[in-house]
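In what follows, a structure is listed as structure tokens, so that the remarks can point back to it.
The values are calculated or read from the model by the stated rules, or taken from the named source; none is laboratory data. Owing to the predicted nature of the structure, the values given are computational and were not obtained by experimental measurement. No Cβ is skipped: glycine too gets one built from the backbone with ideal geometry, and neighbour counts run over all protein chains shown. For accessibility, only protein heavy atoms count, side chains too; no ligands or nucleic acids. Shrake-Rupley method; radii C 1.70, N 1.55, O 1.52, S 1.80 Å.
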Amino acid sequence: MLMALGELPVAWSLPAADARAGWRALWWSVGPGNELAVMLVQKRNLSRSRHTRGWVGWSVAAPCDGVLVVVSGGVEHRTAVTGIFPHTTHLVLLPQSRFLLVQGRTHRDDTGGWERNALLYTAGGHPVSSLCVGDDIDYALSDRDGGIWTSYGDEGIYGDHPESAPGLARWDTDGTHTWSPRGRLPVWPLGGNAGATEESTAWLAWYSHKGPFVSRVDTAGDVTTYRNPLWGTDGIAVRGTGMLLTRREHGRSRVELSRAEFLDDAWVITGQEKLTVPGPVVLYCAQGRDGVLWLRAGDTWIRFEV
């Protein structure tokens with residue numbers, strides 16, 4: 001099934017006035033209350049990769065300020081943000097309107113420890129503390145209790161950082177490592193590619209040399225892992241026995257949206273449709289919250305219900 005652009009459930013787009021004023025929409029996240037958050041940074045503070053397409057090709061070259069746009073219930077709220085540090089790759093929205101800006105990589109410091117690669121911000125947009133949440137972060141999202149879920153790429157998994165090695169982790173906002181899947185996954189991950197929360201449960205999609213998997217982690221920390229029915233998944237959302245999954249055509253305005261049901265202790269795809277979306281779809285294009293899958297296409301965000 002092919003869905004036309006006018007039929008897409010668009011939640012928010014970067015206003016043309018902002019683009020004309022030099023603002024670029026960079027990192028984004030969905031909060032525990034299904035609120036959309038997008039960080040805007042002035043183009044003059046950014047450098048552009050010659051090789052990376054889409055918004056992920058922009059990066060902060062030196063510390064700067066920005067604006068956090070939060071959209072909830074159709075109402076837009078803007079907060080000035082100070083002290084954005086270079087090489088940020090992820091935004092994580094937390095309860096009480098706090099948020100985290102995360103660098104994907106970290107390195108050993110002069111003492112042999114690990115550099116802090118995440119800044120915690122108040123609701124007013126000011127950094128108050130820093131923490132380390134592992135190395136080579138592929139994916140990051142929060143849960144309702146303010147926990148930070150992360151999945152890692154191969155350089156983190158096969159590197160020296162001990163909490164990155166298992167492939168998946170949970171942290172609190174003090175930087176304490178609170179969960180690891182050690183010994184409870186069927187195979188060692190090679191990298192993470194999607195994530196979602198369903199009430200207090202986390203769902204993390206990852207891949208390995210034996211194929212793609214999706215792990216469910218409950219409030220007690222118990223993990224159950226299933227075969228992911230869609231190779232190349234970059235977005236998931238779960239509600240009960242239903243799941244939505246996306247797979248992008250990287251750098252193009254096309255996405256495959258799949259629906260799956262939990263049948264006989266396995267996730268089975270029951271329908272698929274090709275979507276033409278308003279802009280190119282690149283890395284970090286989707287996030288799931290309580291049965292809603294949010295998809296970024298260029299500077300437009302679309303939401304799909306399970």
Legend entry - Residues within region 53-88 that are among the aromatic types (Phe, Trp, Tyr) and within 19 Å of VAL10 (Cα to Cα), tallied: 1
Inset, instruction - Give the residues of region 57-103 that are in contact (Cβ under 8 Å) with a residue 40 or more places away in the chain, surrounded by fewer than 20 Cβ atoms within 10 Å (Cβ to Cβ) and part of a loop (DSSP other than H, G, I, E, B), sorted by residue number. - result: ARG98
Legend entry - So VAL41, is it among the aliphatic types (A, V, I, L, M), surrounded by 20 or more Cβ atoms within 10 Å (Cβ to Cβ) and more than 19 Å from TRP149 (Cβ to Cβ): yes
Legend entry - Single residue of LEU230, LEU204 found to be more than 18 Å from the chain's Cα centre (by Cα) and modelled with pLDDT of 95 or more: LEU230
Inset, instruction - Take GLY183 and decide whether it is at pLDDT below 95 and either of a type in the set (Asp, Glu) or more than 26 Å from LEU91 (Cα to Cα) (or both). - result: yes
Legend entry - Residue identified as out of contact with any Asp or Glu (no Cβ under 9 Å at 6 or more places or on another chain) and modelled with pLDDT under 95 among GLY221, GLY251, GLY298, GLY235: GLY251
Inset, instruction - Please list, ordered by first then second residue, the pairs with beta carbon atoms under 9 Å, 6 or more apart or interchain, first in region 214-230 and at positive phi, second at pLDDT below 95 and open to solvent by 10 Å² or more (accessible area, probe 1.4 Å). - result: none
Legend entry - Unmet requirement for ARG184, which otherwise passes all of (1) over 16 Å from ASP138 (Cα atoms); (2) open to solvent by less than 50 Å² (accessible area, probe 1.4 Å); (3) not in a strand (DSSP E or B): (2)
